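Contents: one structure, followed by commentary.
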């Protein structure tokens, strides 16, 4: 590892090798060469006699062995990356050198490659997103009936179950997957549109034969595995495409951030904790600490992706007419880093969910300390059914609850609301009768059933349909 130059933490610490390859020079420049081959094949198949099978075979023979040194030296001279790689490819393919990039402009390889790279990135994100959903589905199913204190405004509210809470996380990731699939299915290539999008060079090459020229983009798209090209463009594809893609990544980041925040709060309560290795150090000063490092990292990277989504939006909004170059430096950083950071987020999510620790005894203790307050409505209804005055009972419950609450908050003592109710003749209920009503499962509503139905009808069919994508485990680097 070089220690005297800056290296991105996204590569060093967060993103997987798979995602790093998607945005690597090898992926980029091999794709350029595939595009040049597709263009030459298309032009030959459409009748351009100058291009021969021998030329195309020569291009294919050197498709992957990129002579980076030659391209680098040439770029120092001409200050143009595409023409430098045309030159380098031509050095390896002397017979085909004259027809490489024929009729195309730089964006033919640059923009089409960007689309191809984003498609591969989205496919990898999709696979990892499915793995997160799969891990969460197992967790939700295991704890679908375990009662826990639910919160509104982070104040104790009506109980739910640990599994039901997990379905809230799943549901947001499922929404992200739906959005991702929509954008992924609609991605198209730029095609070969020329300097201002008019295909003027091809009108010259094919002697104004519009019907032949109309076939160029569809043929290139098919060769590159796409169902079509964007029907109109300037020199570049609309930068709104980048905006739509990064908004998907920002949506995933928002879902992951919400889940990680919930886990951090639960870890503070000691109810649910992220994995913590035997030799892991939580604090350099406080040896006893178990900091939620992974969840904090999810939140940190997620905020980066959410903010980074502004880059392509502003770039899209500020493009001039058919093409300006103020997008280039920005998008080669912002798009790649959005994918690398999202990849790191999903790796962490897989790791955290796979190792979540549920402290059921702590959960039960917290719930039971609040349950008497939550049971008062049922107690009040039972007494009212037996002839009591609902309004009077409500006021009495309010007064007793205030007393019990003050005892807990000001004196640090146990909640004695049940004792107070048992001693009050207006209720006519013994301590034993009241205790019998302190069954947490009676207060979680339909939460266990909701988990069962949601997993059965929505999540598991999706996972079964995508079972070949499942099984990956998240890697966490230091």
| message | Just to confirm my filter: which helices (runs of 4 or more DSSP H) fall fully inside the range 304-386 and include at least 1 residues that are under 24 Å from residue 159 (Cβ atoms) and touching a helix residue (DSSP H, G or I) at 6+ places or on another chain (Cβ under 9 Å)? | response | 328-354, 360-385
| Listed residues 426, 410; which is assigned to a loop (DSSP other than H, G, I, E, B) and either more than 18 Å from residue 147 (Cβ to Cβ) or in contact with a strand residue (DSSP E or B) (Cβ under 7 Å, 6 or more places away or on another chain) (or both)? | 426
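With the structure loaded, tell me whether residue 29 is out of contact with any strand residue (DSSP E or B) (no Cβ under 6 Å at 6 or more places or on another chain), without any contact (Cβ under 8 Å) to a residue 60 or more places away in the chain, within 26 Å of residue 117 (Cβ to Cβ) and surrounded by fewer than 17 Cβ atoms within 10 Å (Cβ to Cβ) or whether it fails that test. Show your work before the answer.
Working: out of contact with any strand residue (DSSP E or B) (no Cβ under 6 Å at 6 or more places or on another chain): yes; without any contact (Cβ under 8 Å) to a residue 60 or more places away in the chain: yes; within 26 Å of residue 117 (Cβ to Cβ): yes; surrounded by fewer than 17 Cβ atoms within 10 Å (Cβ to Cβ): no.
For residue 29, the condition - out of contact with any strand residue (DSSP E or B) (no Cβ under 6 Å at 6 or more places or on another chain), without any contact (Cβ under 8 Å) to a residue 60 or more places away in the chain, within 26 Å of residue 117 (Cβ to Cβ) and surrounded by fewer than 17 Cβ atoms within 10 Å (Cβ to Cβ) - is not met.
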| field | Number of the exception - residue 415 against (1) surrounded by 11 or more Cβ atoms within 10 Å (Cβ to Cβ); (2) at pLDDT below 95; (3) in a helix (DSSP H, G or I) | value | (3)
| task | Answer yes or no: is there a residue in the range 43-58 that is under 26 Å from residue 199 (Cα atoms) and under 37 Å from the mean Cα position of the chain (by Cα). | result | no
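Any idea which residue in the range 124-156 is surrounded by the most Cβ atoms within 10 Å (Cβ to Cβ), counting only those that are free of Cβ contacts under 8 Å to residues at least 40 places away in the same chain and assigned to a strand (DSSP E or B)? I'd like the intermediate steps shown before the answer.
We begin by selecting, within the range 124-156, every residue free of Cβ contacts under 8 Å to residues at least 40 places away in the same chain; these are 138, 142, 150-153, 155.
Checking the rest, the ones that are also assigned to a strand (DSSP E or B) come to 150-152, 155.
Values: 150: 19, 151: 15, 152: 8, 155: 7.
Among them, the one singled out is 150.
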| message | If I filter the range 33-54 for residues that are surrounded by 17 or more Cβ atoms within 10 Å (Cβ to Cβ) and over 29 Å from residue 230 (Cβ atoms), do I get at least one hit? | response | no
| Taking the range 431-467 only, how many residues are assigned to a helix (DSSP H, G or I) and farther than 21 Å from residue 163 by Cα? | 8
| Pairs, please: C-beta under 8 Å, at least 6 apart or cross-chain, first residue touching a residue at least 12 places away in the same chain (Cβ under 8 Å) and in the range 418-439, second in a loop (DSSP other than H, G, I, E, B)? | 418/438; 421/427; 421/429; 422/429; 422/430; 426/388; 427/388; 428/386
| Per-region count, the range 384-407, residues within 26 Å of residue 147 (Cα to Cα) and buried (at least 17 other Cβ atoms within 10 Å of the Cβ) | 4
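If I go through the range 1-55 residue by residue, how many of them are under 16 Å from residue 223 (Cα atoms) and in a helix (DSSP H, G or I)? Spell out the reasoning first.
First, the residues of the range 1-55 that are under 16 Å from residue 223 (Cα atoms): 30-46.
Now narrow it down to the ones that are in a helix (DSSP H, G or I): 30-45.
Within the range 1-55, residues that are under 16 Å from residue 223 (Cα atoms) and in a helix (DSSP H, G or I) number 16.
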| Tell me, which residue of the range 157-193 that is part of a loop (DSSP other than H, G, I, E, B) and over 26 Å from the mean Cα position of the chain (by Cα) is nearest to residue 375 (Cα to Cα)? | 191
| request: State all residues of the range 202-247 that are free of Cβ contacts under 8 Å to residues at least 12 places away in the same chain and either closer than 17 Å to residue 34 by Cα or in contact with a helix residue (DSSP H, G or I) (Cβ under 9 Å, 6 or more places away or on another chain) (or both); if no residue qualifies, say none. | output: 203, 209, 210, 218, 222, 225, 231
| Every residue from the range 329-339 that is at pLDDT below 95 and either in the same structural domain as residue 19 (by TED's automatic domain parsing) or loosely packed, with under 14 Cβ neighbours inside 10 Å (or both) | 329
| query | Taking residue 102, is it under 30 Å from residue 208 (Cβ atoms), at pLDDT 95 or above and surrounded by fewer than 19 Cβ atoms within 10 Å (Cβ to Cβ)? | reply | yes
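The values are calculated or read from the model by the stated rules, or taken from the named source; none is laboratory data. The model shown is predicted, which means the values in this text are computed figures rather than measured ones. With ideal geometry, Cβ positions are generated from the backbone for all residues, glycine too; neighbour counts draw on all protein chains shown.
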